[in-house]
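Report on the structure given below.
The values are calculated or read from the model by the stated rules, or taken from the named source; none is laboratory data. In this text the structure is predicted, and so the values were computed from the model without any measurement. Cβ placement follows ideal geometry from the backbone for every residue including glycine, while neighbour counts extend to all protein chains displayed.
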Amino acid sequence: MKAHYGYKDGSGDYFIVIDSDKCDGCGECINACPNGVLELILDEFDIEGGTMVAVKDEHRKKIKYSCAPCKPVSGERKIPCVLSCRTNAITHSW
Amino acid sequence: MSQITTQEYWRWPEYRYTVPEKDWHNAKILTAGIDIGSVGSKAAVMLDGELYAYAVIRTGGVSEETAIKVTKWALEGTDLEIEKIHQVVGTGYGRVNVPFANRTITEIACHARGAHYVYGPTVRTVLDIGGQDCKAIRCDERGKVLSFLMNDKCAAGTGRGLEVFADLVGIPIQDLGKVSLQVEKEPQPVSNTCVVFAKAEALALLRQGWSKEKVAAAYHAAMADRITDLLTRVGVSKDFVITGGVSKNDGIVQRLSRLLNVKPLSPKIDPILAGAIGAALFAKALQEKHLGLR
Amino acid sequence: MITAGVDIGAKYVKIVLLKDKVLHRAKDVVGFDVCKSATTLFEDVLNKTGLSRVNVEKVGATGMGKNEIYHKPPIDASSTISEVFADAAGALYLLPSVRTVIDVGAEEGRGIRLGENGKVKDFVINERCAAGAGTFVETMARALEVGVDDMGPLSLKSTKAIPMNAQCAVFAESEVVSLIHSRVTKEDIARAIHDAMAGRIASMVLRVGVEEDVLLVGGVALNSGFLPSLKKELNTEIIVPEFPEYAGALGAALIAKTMDE
């Protein structure tokens, strides 16, 4: 499942996409994120349950701002959560 | 009873229904799904996975009270009581506040599952536009979620955006869609996405002498454009359905079909109930698991 | 040489008349007809200074309405200048040591980073969303039922920082109403509003990097409640010049002077 966390507003599209089929729940991205944006949550998508990585609720409506420090206007873009993921389960839309 | 004389254009009526020919005493599995949304709360009661009774009310200040109220109202006139229901699944924004729920399931999964019941198993894309959010879900033939997004940050593209507009032009919210279709030629969409700016733009158009219908058309067109953008992010595959309160707005539905070149399926049951029905179906799966049937 | 800078913003039109120093400043609300609002104010400025259009050699236009007056009489602006460059030029004139310019207007927020030489190195713009600009404070003031000018003084009297969750001006309005109902004081709500907006502006500015001196300009700089919130968010000193809302118009007048027709 591709979970798109974030939003679109008048200023643009801001989504962190987590592919739960690729995510193995290792939690490296959680450690890599300097702003504590990510967390491991209970899978509420089925009655079986399990865990999965997700964007924390309190960041979902402001990731444009939460992720701003990792996205300088100029210079090389190295997004820690994306780089830390061995299975390429994380992408950013902006 | 005193009659309400002040008109509030955003206010919609509450309702309930019981399927007359069904008797719960004959059912093996009694389940309920309670969908506590930010604006509306819905309860669906199902007998062996078939809809039996439902109610839709406005969400009050205390979610727990709303959950009890909507369920009791759904059961009104039947002699079924909450305690006799085998499994209850809570969903929606206030899902953790359903005091008698056995489990919570995210509204994304419930909407996908519920859409399969309401529209049939050919459904692959579900668009749910509620009072305060907009969800796009792509699912497989079993109603399992493949891709989803939810936008609850921004009022644009939600029912709230329409409420703001209804208030501005003084047209009841339930008539807004129809009014927006009363134009000979579709005007240029409102250029601002942000509801605050779009409202100012709409006001400027009204002052320029545009009719309410034409401004409504421009506003609805902009909203449909925005929703289309969101949908393409998760991908659109057939069959396509629209649920949530805004599915009742023909102005949005018709424009979306045009933009996406897909005709949404017509529901067999009020699609506002999709989340609650999905939750009740998850509750059935839960009970089957409990009984060792799966 | 006398030049003029006309900055047509979302809410106000600002005009600066410049010779060797600022001769005159004026602003007025932008009405329904943008061009007419600018023209009326421009003629008013000429009347007050005893000048006529021919005495003003060059007119630089900036702001979202700049094209409404470019090569269009009677103002007939000789050049259009992007808001970022106008801001930068205005800021440098007001404070030569400036390295970071933050401009928060009615509908746009901007962060500009200047190099050693005063050239624009990087910039970031937050637009088309009311949550990131002055409109947010204005909308919230309406929900609080106070004047927008009272927001600053109210906020400064706050005794408690409380968070605001809504990130959208429309949803924040409902949040303000529920805060009022739960008996949070207007002072604390006003501060929460400024804190929320300052948080958004600060995150935006961090993308260009913050280097001192930091100058805050634009209409929102007049709001005394916003400054402490922004200072706290950025953890730096922030200078607000006199007449901060005229920075863009001033810059436009300065740049127009150097430009050929």
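Of the strands (runs of 3 or more DSSP E) entirely within the stretch B:3-91, those holding at least 3 residues that are over 22 Å from B:Lys289 (Cα atoms) and not polar (S, T, N, Q) occupy B:15-18, B:40-47, B:50-58. Consider the stretch C:116-139 and keep the residues that are hydrophobic (A, V, I, L, M, F, W, C) and out of contact with any strand residue (DSSP E or B) (no Cβ under 7 Å at 6 or more places or on another chain). The one that is farthest from the other protein chains (Cβ to nearest Cβ) is C:Val137. Of all residues in the stretch B:188-204, exactly one satisfies the criterion of being buried (at least 17 other Cβ atoms within 10 Å of the Cβ) and more than 14 Å from chain A (Cβ to nearest Cβ), namely B:Ala202.
Considering only residues that are under 23 Å from the mean Cα position of the chain (by Cα) and part of a loop (DSSP other than H, G, I, E, B), look in the stretch C:154-170 and name the one that is surrounded by the most Cβ atoms within 10 Å (Cβ to Cβ). Restricting to residues being under 23 Å from the mean Cα position of the chain (by Cα) and part of a loop (DSSP other than H, G, I, E, B), the top hit is C:Cys168. In the stretch C:53-73, the condition of being farther than 17 Å from C:Gly251 by Cα, among the small types (Gly, Ala, Ser) and assigned by TED's automatic domain parsing to the domain that holds C:Ala10 is met by no residue. Out of C:Ala221, C:Ala196, one residue alone is modelled with pLDDT of 95 or more and either touching a Leu at 6+ places or on another chain (Cβ under 6 Å) or within 12 Å of chain A (Cβ to nearest Cβ) (or both). It is C:Ala196. Sort through B:Gly235, B:Gly275 and tell me the only one that's farther than 28 Å from B:Ala101 by Cβ, in contact with a strand residue (DSSP E or B) (Cβ under 7 Å, 6 or more places away or on another chain) and within 14 Å of chain A (Cβ to nearest Cβ). Unique residue meeting the criteria: B:Gly235. Meeting the requirement of 2 or more residues that are more than 11 Å from chain B (Cβ to nearest Cβ), the strands (runs of 3 or more DSSP E) wholly within the stretch A:1-70 are A:38-42, A:51-55. The sole residue among B:Lys248, B:Lys212 that is outside the structural domain of B:Ser38 (by TED's automatic domain parsing), over 19 Å from B:Leu168 (Cα atoms) and of a type in the set (Lys, Arg) is B:Lys248. Identify the residue in the stretch B:249-276 that is aliphatic (A, V, I, L, M) and in contact with a Lys or Arg (Cβ under 8 Å, 6 or more places away or on another chain) and, among all such residues, is surrounded by the fewest Cβ atoms within 10 Å (Cβ to Cβ). In this case the residue turns out to be B:Val262. Among what's in the stretch B:109-141 and is among the β-branched types (Val, Ile, Thr), closer than 14 Å to B:Ser237 by Cβ and out of contact with any His (no Cβ under 8 Å at 6 or more places or on another chain), pick the residue that is farthest from the other protein chains (Cβ to nearest Cβ). In this case the residue turns out to be B:Thr122.
Hey, any hits in the stretch C:62-76 for a residue that's under 30 Å from A:Tyr65 (Cα atoms) and among the basic types (Lys, Arg)? Yes, there is a match, as at least one residue in the stretch C:62-76 is under 30 Å from A:Tyr65 (Cα atoms) and among the basic types (Lys, Arg).
The condition (being more than 14 Å from chain A (Cβ to nearest Cβ), at pLDDT 95 or above, closer than 20 Å to B:Ile272 by Cα and not in a strand (DSSP E or B)) is satisfied by just one residue among B:Lys185, B:Lys178: B:Lys178.
Among the residues making up the stretch C:209-242, those that are under 25 Å from C:Lys11 (Cα atoms) and in contact with a strand residue (DSSP E or B) (Cβ under 6 Å, 6 or more places away or on another chain) are C:Val214, C:Leu215, C:Leu216, C:Val217, C:Gly218, C:Val220, C:Ile238, C:Ile239, C:Val240. Being away from chain A (no Cβ under 14 Å), in contact with a strand residue (DSSP E or B) (Cβ under 8 Å, 6 or more places away or on another chain) and either within 20 Å of C:Ala192 (Cα to Cα) or at pLDDT 95 or above (or both) holds for only one residue in C:Arg142, C:Arg99, C:Arg113, and it is C:Arg99.
Exactly one residue out of C:Glu173, C:Glu211, C:Glu187, C:Glu233 is part of a loop (DSSP other than H, G, I, E, B), in the same structural domain as C:Leu154 (by TED's automatic domain parsing), at pLDDT 95 or above and charged (D, E, K, R), and it is C:Glu211. Counting residues in the stretch A:29-44 that are touching a His at 6+ places or on another chain (Cβ under 9 Å), of a type outside the set (Lys, Arg), at positive phi and modelled with pLDDT of 95 or more gives one or more.
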